[in-house]
Amino acid sequence: MDAFKLMKELRVNCEQEVHYLPKVTGLRAIESTAPGDSRISAKCRDAKVEDLWSLTSFFGYSTQTFVLAVNLLDRFLAMMKIQPKHLSCISLSCLHMAAKVTEKECNLTPTDELIRIGQCRFTVSDLARMEKIVTEKLNFKSKAVTALTFLHLYHQIALSHCTDRKTTLSLEKLEAQLKACLCRISFSKAKPSVLALALLRQEIEAVQSEDMLEIASHIQRHLKIVDADLVLWSKCVAQCLSDYASPECSKPDHRKLQWIVSRRTAQSLHSYRSVPELPTIPEGCWDESESEDSCEDMMSSGEESLSSSLGSDAEGSFFPPHLRRQNQRQYLYA
């Protein structure tokens with residue numbers, strides 16, 4: 001896509017983003033919820049979003065699925081007075097709705113398995129009813145303009161003007177940083193276009209590219225983003241990522257699912273882990289090539305642990321080395 005079409009699409013999304021913003025008054029009400037109150041608190045909401053991040057990584061869903069699920073969740077929570085006991089059903093409904101829009105049908109997790117892995121105490125019919133309620137309240141059809149929408153457009157525009165610097169701006173890194181920000185309800189009050197530009201500018205300043213800084217300034221002027229707003233959210237982004245990089249921070253992408261089962265169930269599970277009998281190799285039928293293939297098949301069919309399939313956005317060069325070396329905390333799903 002050429003630069004003119006990218007800027008045009010950018011403008012269209014900027015005009016539409018207001019329709020997909022959570023109500024600020026509702027978000028402030030959540031932030032002001034006192035401990036012991038019957039309503040959802042900011043801490044409760046943030047913890048549930050971290051759970052969604054963990055489940056997104058476990059099921060291999062895209063960043064787009066996670067961001068859309070958080071957008072649906074925040075818009076619904078800011079609109080309705082929700083009790084904490086219903087939050088698990090609502091958040092999982094938002095994840096399932098987002099996955100049906102963004103993921104291929106063959107990659108969708110069955111509803112019963114989604115509930116089982118999430119260790120939630122409601123039925124498939126409960127989830128279906130909640131999805132219907134969320135869809136009707138939000139008038140949700142098939143899309144939403146989010147910070148990820150703008151982050152992708154900004155990244156394409158930057159690369160189209162600076163092809164010699166394409167290796168310095170990692171979209172995967174920017175997505176990981178966006179997910180870290182979305183785990184705090186305060187960022188839901190930011191306009192997606194401003195939040196995405198704040199993330200982009202911070203990364204550009206890190207690689208010290210004057211050309212890309214000029215491109216970011218051009219984008220800001222094109223969208224008529226006020227300097228004060230950009231400076232404010234740039235500071236919030238810097239503080240969030242600094243906190244996230246600290247060893248004291250619990251990373252959702254580092255969590256492992258830990259099953260809580262009874263002693264009888266555990267014994268039953270262990271009884272099935274017997275070594276299978278190997279078939280007898282008939283004499284005179286030895287074929288070296290077939291033997292190698294057979295061994296490779298057996299090696300590739302080994303049992304994989306549940307936690308080994310969890311993805312980690314903090315693995316790699318996205319965050320400081322001490323972040324990647326920290327001990328992972330076990331997370332217990334209710």
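The values are calculated or read from the model by the stated rules, or taken from the named source; none is laboratory data. Note that this is a predicted model, so its numbers are computed, not measured. Reconstructed Cβ throughout: ideal geometry from the backbone, glycine too, with neighbour counts over all protein chains shown. Just the protein is used for accessible areas: all its heavy atoms, side chains included, with ligands, DNA and RNA removed. Shrake-Rupley method; radii C 1.70, N 1.55, O 1.52, S 1.80 Å.
Apolar share of the accessible surface for region 23-138: 51 percent from carbon plus sulfur atoms, 1.4 Å probe.
Give the accessible surface of region 176-251 per residue, rounded to a whole number of Å², with probe radius 1.4 Å and ligands, DNA and RNA excluded. All intermediate terms of the calculation are to be shown ahead of the outcome.
Numbers: 3270 Å² over 76 residues.
The answer is 43 Å² per residue.
Our analysis of region 23-138 gives Rg over Rh at 0.95, with the two radii drawn from alpha carbon positions and Rh computed by the Kirkwood formula. Simple spin-label estimate for GLU172 and GLU205 gives 2.6 nm between the two label positions (7 Å along the Cα-to-Cβ direction from each Cα).
When the dipole is taken about the Cα centre of region 23-138, and only Lys, Arg (+1) and Asp, Glu (-1) are charged at their Cβ, what size is it in debye, to the nearest 20?
On the way: 16 positive and 13 negative charges, 82 e Å.
The calculated dipole for region 23-138 is roughly 400 debye.
The 1.4 Å probe gives accessible areas that order ILE219, ILE82, largest first, as ILE82, ILE219. Relative to the current alpha-carbon distance between PHE4 and GLN119, full extension at 0.36 nm per residue lengthens the span by 36.6 nm.
Going by average Cβ neighbours within 10 Å, how do the peptides 223-229, 40-46 rank, with the highest at the top?
Values: 223-229: 12.6, 40-46: 18.4.
For the peptides 223-229, 40-46, the packing ranking is 40-46, 223-229.
Quick one: compute the contact order of region 23-138, relative version, from alpha carbon pairs under 8 angstrom and 6+ residues apart, as a percent. About 27 percent, as a whole number.
How large is the convex hull of the Cα atoms of region 147-254 per residue, expressed in Å³ as a whole number? Don't skip to the end; give the middle numbers.
Numbers: hull volume 10.8 nm³, N = 108.
Spread over its residues, the Cα hull of region 147-254 gives 100 Å³ apiece.
Roughly how many percent of the accessible protein surface of region 147-254 is carbon and sulfur, given a 1.4 Å probe and a whole-percent answer? C and S atoms contribute 50 percent here. Listed peptides 68-76, 105-113, 5-13, 188-196 appear in the order 68-76, 188-196, 5-13, 105-113 once ranked by packing, highest mean of other Cβ atoms within 10 Å at the front.
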